[in-house]
Amino acid sequence: MNDHLQQQLIKDLLIESFEGLDNFDREMLALEKGEGNAETLNNVFRIIHTIKGSSGCIGLNKIESVAHVGESLLSLLRDGKLTFNPEMISALLEYSDALKAMLGCLEQTGHQGDVDYSALLQKLQSLQTARPVEAAPAATYGLFAEEPEAPLAPEPAPESPKPLPANAPAMVPAGVPEKAAAEKEIAARPVTSVSDTAIRVDVGQLDKLMNLVGELVLARNQIVQFTAQSQEATLLNAAQRINTITTELQENVMKTRMQPIGNVWAKFPRIVHDMALDLGKQVELVMEGKETDLDRTIIEAIKDPLTHLIRNAVDHGIETPAIRQAAGKPEKGTLTLRAFHEGGQVNIEILDNGRGINIAKVKEKAMQRALITPDQAAAMSDREVFNLIFLPGFSTADIVTNVSGRGVGMDVVKTNIEKIGGSVDVLSEAGQGTTLKIKIPLTLAIIPALIVTSGGERFAIPQVSLLELVRMEAEQARKGIEMLYGAPIYRLRGQLLPLAYLNRELKLDAPAVSSTNDAVVNIVVLQADGRQFGMVVDEINDTEEIVVKPLGKQLKGITCFAGATIMGDGKVALILDVMGLAQHANVIAEVRDRAVSAKNKAAEKVDERQTLLLFNAGQNARMAIPLSMVARLEEFPRSQVEWSGKQEVVQYRGQILPLIQIANYLPNAAATAPTPTDPVQVVVYSEAGRSVGLVVSKINDIVHEAVTVKRSHNRDGILGSAVVQDKVTDLLDVIGIIRTADPSFYEETRKI
Amino acid sequence: MTKQFCTFFVNGLFFGVEVLKVQEVIRYQGMTRVPLAPATIQGLINLRGQIVTAIDLRRRLELPPRDAEQLPMNVVVRSEDGAVSLLVDEIGDVVEIQDDIFEHPPETLKGVARELVQGVYKLKAQLLLILDTEKTVNLANAGTRA
């Protein structure tokens with residue numbers, strides 16, 4: 001046998017065996033649940049038989065001999081000479097692992113490895129003699145028959161989901177002669193398996209096919225356009241037919257790349273089974289919507305995140321039987337996997353009815369790890385708390401068990417899912433369980449995108465990063481965009497939105513009509529890394545489904561582009577990488593902005609609440625101002641503070657920013673005489689292009705609360721007091737203080 | 001031994017690329033320019049559904065720019081990273097040349113040309129400069145001088 005042929009045979013054996021063993025595990029677990037029937041046993045027997053035969057053929061004696069022992073046990077079981085017990089299932093699963101390990105070794109090193117499996121083999125052998133079939137009646141597979149609380153001859157429970165059909169060929173009575181068993185096997189054979197009607201195709205081949213179909217679609221579009229002007233009936237007919245055939249071809253080629261999500265789920269029953277055994281828990285895995293189709297690239301991408309979430313649910317979510325019983329829940333926990341299509345996306349839900357997420361514990365952990373401040377923790381909604389588990393460096397596992405605390409963390413899960421344009425959301429109710437909702441696109445190759453024009457070029461913006469579109473005309477366009485020391489901003493519902501001009505960032509020619517002066521301003525509000533910014537473009541064209549194609553390595557260095565696509569007219573358009581673009585334009589560089597925008601996101605949900613910036617002025621005074629009045633928060637080293645006349649100033653973004661020591665304008669100024677801080681903390685306030693810096697001693701927090709102002713006292717510099725986070729907080733009279741400190745500030749504004 | 005070369009002209013110079021490295025030669029195509037890209041990259045073209053980067057050989061070889069009205073031709077070459085188009089002034093014939101008239105580039109060859117030209121065939125009428133396609137499409141060390 002020549003070497004090449006041998007290699008090919010080994011490759012075939014590997015593909016076939018791994019697939020077979022996955023099935024083997026699944027069938028074993030079905031048998032354990034009592035859901036198996038004679039066909040199941042036949043299947044597992046056949047799988048092992050094939051592995052044994054194929055490996056023997058190409059001289060893999062070790063695999064053959066190990067496979068043989070299991071085969072003997074399975075043949076006794078199949079023939080009804082033995083009945084199943086949990087011990088056998090564990091041994092057989094272990095046996096499947098041993099085969100997988102040897103095959104894995106073969107795949108990687110080219111030989112069968114030298115692990116000694118004699119103990120396992122002995123176990124399997126002893127099981128063959130241990131339990132004669134007379135011990136259990138033949139009407140059942142006798143699962144758990146030896147458990148003390150089970151009656152000696154358990155009948156299948158009436159509510160059992162799959163009672164054995166009375167006429168199933170499996171109903172082999174005890175002690176049936178081998179001949180009958182052989183006949184039964186033959187009878188079972190005509191059942192067509194998937195492998196008879198399926199062939200293996202290289203994915204690269206499918207991708208090529210996809211490309212060609214894409215091209216065909218473009219050519220079709222041109223033909224259809226061209227023939228529309230024609231009067232010739234035959235030509236029109238032919239064009240019409242090409243049109244429909246192409247559409248159908250495209251759909252079908254797309255389908256070839258789709259796989260049911262059940263392919264990824266196939267290994268979960270085994271994982272759950274093993275973990276539950278390890279942790280002494282009882283877990284029932286329910287899977288709904290196995291047949292939901294997904295692009296295979298996505299299937300690959302969600303494999304690891306899903307595995308992690310399942311492990312998490314079993315490890316942290318579901319309690320031990322004792323705890324569950326004490327809580328008045330059934331001893332057996334349920335873990336449900338559900339997949340379904342909705343709104344052009346695939347939804348995957350992982351539900352457990354375990355203990356739920358402990359909000360207090362999560363907060364405590366997050367504070368311990370300095371991920372949030374105590375003040376933030378107090379102000380957080382439950383939903384925000386749940387989302388803390390996705391932060392890097394977070395783990396609530398008290399003890400690093402062998403199942404959690406290793407491998408990927410939840411932050412990696414989230415990143416991986418977001419990488420493919422998906423999202424994760426978590427809901428939980430203490431004592432009732434946790435639900436993780438994952439939304440992912442159907443395919444990676446085709447994404448919905450917004451087409452915009454800037455500097456005469458078209459660009460595609462992936463819809464996942466898109467939040468909203470703002471269009472301003474005439475007067476509004478002229479005034480809408482304010483300049484903050486050269487940095488354009490827009491007030492989006494009271495929130496400052498940093499802006500960038502796409503044509504300037506990409507060094508494209510400005511459009512013929514300058515968009516800042518008149519006509520229309522189009523702002524595309526984008527989100528990158530949880531922060532928002534606006535991109536000013538010349539024109540917003542349309543949304544389209546685009547096919548993502550990679551750029552050549554010559555262009556890999558440009559972070560602003562994620563790839564390219566071919567538009568309907570056959571021309572190439574670049575796909576913007578929103579994250580890269582934001583970094584390039586420096587619109588989301590400040591860390592503080594992140595906190596602000598994250599908080600403001602929460603603000604959108606509850607409108608009657610107010611977002612306040614909490615700070616200290618002087619020693620103890622706890623002060624607040626509405627965040628909407630804050631243009632920016634800055635820190636300057638004390639050495640940068642200069643004097644201009646009697647006024648303290650700093651150079652800020654190429655301008656001179658006057659500073660006002662707030663503490664000096666408060667009623668008890670003497671008592672709270674400011675201790676010079678380094679760096680100087682400044683709240684920048686802007687009005688009509690002019691800015692002033694309010695010096696505070698410490699910036700504490702940004703909170704989002706329903707505030708009732710009590711105007712019981714009206715002291716200088718203070719509008720009133722309110723209870724914020726259970727503490728009395730003074731609201732600063734920003735305008736009053738500025739007017740006192742610099743009377744000309746507002747006058748000049750008015751002149752403009 | 002003979003070798004076949006696909007030949008073309010850039011700024012009056014006669015260049016050749018081994019025929020096996022050339023995927024195809026196509027007429028000028030409308031292209032999409034890539035903002036922020038090095039000037040040597042003229043843009044992206046759609047080659048039957050495949051997106052191909054077009055490199056302007058004049059700029060790559062640091063030669064004076066082409067007249068605005070003169071449309072370049074695409075010589076699409078295969079590289080490790082897939083197809084790349086080289087923009088040239090004019091296409092020549094496919095020529096078959098004996099090995100024995102090959103010579104390494106003369107010492108006097110300066111600048112990028114020295115880096116990208118593998119050697120010279122002394123043809124009767126003209127010298128044929130053989131371009132190293134891998135090096136030509138690799139812009140990592142080319143900088144953005146142009």
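The values are calculated or read from the model by the stated rules, or taken from the named source; none is laboratory data. Please read all numbers here as calculations on a predicted model, not as lab measurements. Note that we place each Cβ from the backbone using ideal geometry, even for glycine, and neighbour counts take in every protein chain shown. Areas reflect the complete protein model, heavy atoms only, side chains present, ligands, DNA and RNA absent. Shrake-Rupley method; radii C 1.70, N 1.55, O 1.52, S 1.80 Å.
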Return the total of residues in segment A:24-48 being in contact (Cβ under 8 Å) with a residue 60 or more places away in the chain and within 17 Å of residue A:98 (Cβ to Cβ).
3
Residue hits (segment B:18-58; among the polar types (S, T, N, Q) and open to solvent by 40 Å² or more (accessible area, probe 1.4 Å)) are B:23, B:29, B:42, B:50
Can you confirm whether segment B:19-41 contains a residue that is over 16 Å from the mean Cα position of the chain (by Cα) and acidic (Asp, Glu)?
no
Which members of segment A:553-571 meet the condition of being open to solvent by 10 Å² or more (accessible area, probe 1.4 Å), within 18 Å of residue A:503 (Cα to Cα) and either without any contact (Cβ under 8 Å) to a residue 24 or more places away in the chain or facing another protein chain (nearest Cβ under 7 Å) (or both)?
A:558, A:561
Please list, ordered by residue number, the strands (runs of 3 or more DSSP E) wholly in segment A:254-369 having 3 or more residues that are assigned by TED's automatic domain parsing to the domain that holds residue A:90 and crowded, with 20+ Cβ neighbours inside 10 Å.
none
Kindly provide the set of residues from segment A:572-590 that are in contact (Cβ under 8 Å) with a residue 24 or more places away in the chain and within 14 Å of chain B (Cβ to nearest Cβ), ordered by number.
A:573, A:574, A:575, A:576, A:581, A:583, A:584, A:585
Restricting attention to segment A:541-553, does a residue exist that is of a type outside the set (Lys, Arg), modelled with pLDDT under 85 and under 16 Å from residue A:584 (Cα atoms)?
no
What strands (runs of 3 or more DSSP E) completely inside segment B:31-138 contain at least 1 residues that are away from every other protein chain (no Cβ under 14 Å) and in contact with a His (Cβ under 7 Å, 6 or more places away or on another chain)?
B:117-122
Name the pairs whose Cβ atoms lie under 9 Å apart, with the first residue in segment A:290-315 and without any contact (Cβ under 8 Å) to a residue 24 or more places away in the chain, the second outside any strand (DSSP E or B) and crowded, with 17+ Cβ neighbours inside 10 Å, and 6 or more positions between them or separate chains?
A:300/A:264
Among (1) touching a Leu at 6+ places or on another chain (Cβ under 8 Å); (2) open to solvent by less than 30 Å² (accessible area, probe 1.4 Å); (3) modelled with pLDDT under 90; (4) not aliphatic (A, V, I, L, M), where does residue A:505 come up short?
(2)
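Could you identify the single residue in A:218, A:235, A:249 that is surrounded by 15 or more Cβ atoms within 10 Å (Cβ to Cβ) and at pLDDT 85 or above?
A:249
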Of the numbered conditions (1) assigned to a helix (DSSP H, G or I); (2) open to solvent by less than 40 Å² (accessible area, probe 1.4 Å), residue A:242 fails exactly one; give the number of that condition.
(2)
Any hit, segment B:91-113, residues being in contact (Cβ under 8 Å) with a residue 60 or more places away in the chain and within 30 Å of residue A:563 (Cα to Cα):
no
Could you check segment B:80-124 and list, in sequence order, the residues that are open to solvent by 20 Å² or more (accessible area, probe 1.4 Å) and of a type in the set (Ser, Thr, Tyr)?
B:108
Of all residues being within 26 Å of the chain's Cα centre (by Cα) and open to solvent by 10 Å² or more (accessible area, probe 1.4 Å) in segment A:543-552, which is nearest to the other protein chains (Cβ to nearest Cβ)? Just the residue, please.
A:549
